[in-house]
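Read through the structure below, which is laid out as structure tokens, and then see the notes.
Derivation of every value follows stated rules applied to the coordinates shown; laboratory data play no part. Worth saying up front: this structure is predicted, and the values here are computed from it rather than measured. Note that we place each Cβ from the backbone using ideal geometry, even for glycine, and neighbour counts take in every protein chain shown.
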Amino acid sequence: MKAIDNKELEIALETLEKERGIKKEYLIEQIEAALITAYKNNYKDSENVKVVVDAKTGETHIYSVKEIVANVENPVLQISKKEAATINKQLAVGDTVDIELNPRNFGRIAAQTAKQVIIQKLREAERDIVFGEFNERKGEIVSGLVQKADSGAIVLDLGKLEGIMPLKEQIPVEKYKVNDKVKAYVVDVVRGAKGAPQVIVSRTAGDFVKKLFEFEIPEIYEGLIEVKSVSRDPGNRCKVAVHAQNENIDPVGSCVGQKGVRIQNIINELSGEKIDVIEWNEDPARFISSALLPAKVMAVDINEEEKSARVIVPDDQLSLAIGKSGQNARLAARLTAWKIDIKSETQFRQMLMEMQEDEEITEAIEEGNEE
């Protein structure tokens with residue numbers, strides 16, 4: 001039966017293949033599968049059917065597939081060998097035979113179904129293209145306008161897609177309003193409802209700061225200076241470790257810029273978040289000492305096996321080294337990836353005295369046991 005307009009079908013198949021990379025054969029298979037479902041839904045038939053669509057002519061054929069048996073028990077699914085011989089004498093018991101059906105009005109149903117399948121596949125292809133485009137942008141910064149700013153997730157208009165910024169990815173001190181222009185870091189691209197791509201963005205990620213440094217500091221973008229690590233308390237404080245292979249380049253000075261202009265642009269983007277730029281060092285003791293800035297450090301005792309460090313600071317520097325609610329010490333530990341135990345000079349001396357007393361007691365006990 002001529003079910004689908006041949007010209008329309010041909011144009012649609014060629015367009016999807018050339019522009020979207022969807023093979024004609026795949027589309028024909030999808031149309032045939034959809035037509036089987038449409039037939040069963042419309043005719044409430046329990047027959048085992050198959051549909052064949054001719055892409056060249058647009059002709060659609062629907063068949064009842066029956067098994068050839070010696071004794072027919074289910075005439076809907078079976079056919080006798082004698083009856084099958086009237087179709088093809090070569091058929092034997094156990095073979096199947098296709099008997100063409102001509103259901104009334106199926107031509108109209110077939111045309112509608114084919115159109116729906118093509119539209120659906122076109123949408124899916126467009127989604128896949130957009131998904132691919134944004135998937136390649138993972139790890140980049142994007143700009144968008146706030147579409148929705150409720151108490152939960154923020155929705156950004158990124159052009160072809162929406163960007164979703166969950167509550168945990170929002171800087172706590174920031175308030176977002178509809179139509180605000182916002183920069184954010186692409187954390188992931190996922191499939192949302194009905195397969196639509198969704199871009200998950202963040203303003204709290206450490207890599208967001210790293211990318212901002214790349215934008216503002218040419219030496220980082222050019223690879224002369226490397227951002228080794230970032231640790232953040234979003235909206236409050238951030239520590240960034242930088243390193244230059246060339247000894248003639250001052251990595252900290254380059255990042256801060258003349259009169260702090262470069263770093264100030266980043267601070268402004270992060271709504272006033274304080275940024276400590278620290279020079280990375282392969283010597284963990286020196287790196288940990290720098291990471292605890294602005295506190296001054298007297299000594300650092302390293303335990304390589306446990307990757308832990310005991311840091312001694314002057315008495316008047318203890319609160320500064322630890323920071324409000326432990327913030328400075330916590331950020332330094334994250335930045336260096338070392339466990340850091342901070343002691344004041346007085347605390348350290350007291351600890352040594354207690355250790356000495358313990359040793360003396362132990363020696364006395366051992367001497368008593370020997371006597």
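If every alpha-carbon in region 139-201 counts as one equal scatterer, what log10 I(q)/I(0) does Debye give at q = 0.13, 0.14, 0.25 1/Å? Scattering profile of region 139-201, log10 relative to I(0): -0.30, -0.35, -1.11.
Taking Cα atoms only, the orientation of helix 6-20 departs from the longest principal axis of the chain by about 20 degrees. For D95, the residues whose modelled amide H falls within less than 5 Å of its own, excluding neighbours fewer than 5 places apart on the same chain, are I68.
Can you pick out the pairs among K138/K177; K228/K343; K168/K343; K181/K211 whose Cα atoms lie more than 22 Å from each other?
Numbers: K138/K177 25 Å; K228/K343 27 Å; K168/K343 33 Å; K181/K211 18 Å.
As for pairs spanning more than 22 Å Cα to Cα, those are K138/K177; K228/K343; K168/K343.
The alpha carbon radius of gyration of region 196-288, expressed as a multiple of 2.2 N^0.38 Å, is 1.12.
Here is the list for region 154-231: GluC sites (Glu not before Pro) lying in DSSP coil, each with at most 11 other C-beta atoms within 10 angstrom of its C-beta, are E222.
Restricting to Cα pairs below 8 Å that are 6+ residues apart, what does the relative contact order work out to for the chain? Please round to a whole percent. Write down the numbers at each step before the final one.
Working: 599 pairs, mean separation 32.0, N = 371.
9 percent.
Over the Cα atoms of the chain, Rg to Rh with Kirkwood Rh, two decimal places? Please list the in-between numbers first.
On the way: Rg = 35.9 Å, Rh = 27.6 Å.
That ratio equals 1.30.
How big is the dipole moment of the chain about its Cα centre under a simple scheme where the beta carbon of each Lys and Arg is +1, that of each Asp and Glu is -1, and everything else is neutral? Debye, nearest 20, please. Write down the numbers at each step before the final one.
Values: 51 positive and 65 negative charges, 674 e Å.
My answer is approximately 3240 debye.
Note on region 113-256: Cα-Cα pairs beyond 17 Å make up 66% of the total pair count. Across the options N248, S143, A321, the greatest Cα extent toward the positive end of the charge dipole of the chain (unit charges at beta carbon of Lys, Arg, Asp, Glu) belongs to S143.
In terms of surrounding Cβ atoms within a 10 Å radius of their Cβ, R137, R232 rank from fewest to most as R137, R232.
Simple spin-label estimate for A196 and I249 gives 4.4 nm between the two label positions (7 Å along the Cα-to-Cβ direction from each Cα).
Restricting everything to alpha-carbon atoms, can you work out Rg to Rh for region 6-133 with a Kirkwood hydrodynamic radius?
Reported Rg/Rh (Cα atoms, Kirkwood Rh): 1.10.
The C-alpha atoms of the chain define a longest principal axis, and helix 24-43 lies at about 70 degrees to it.
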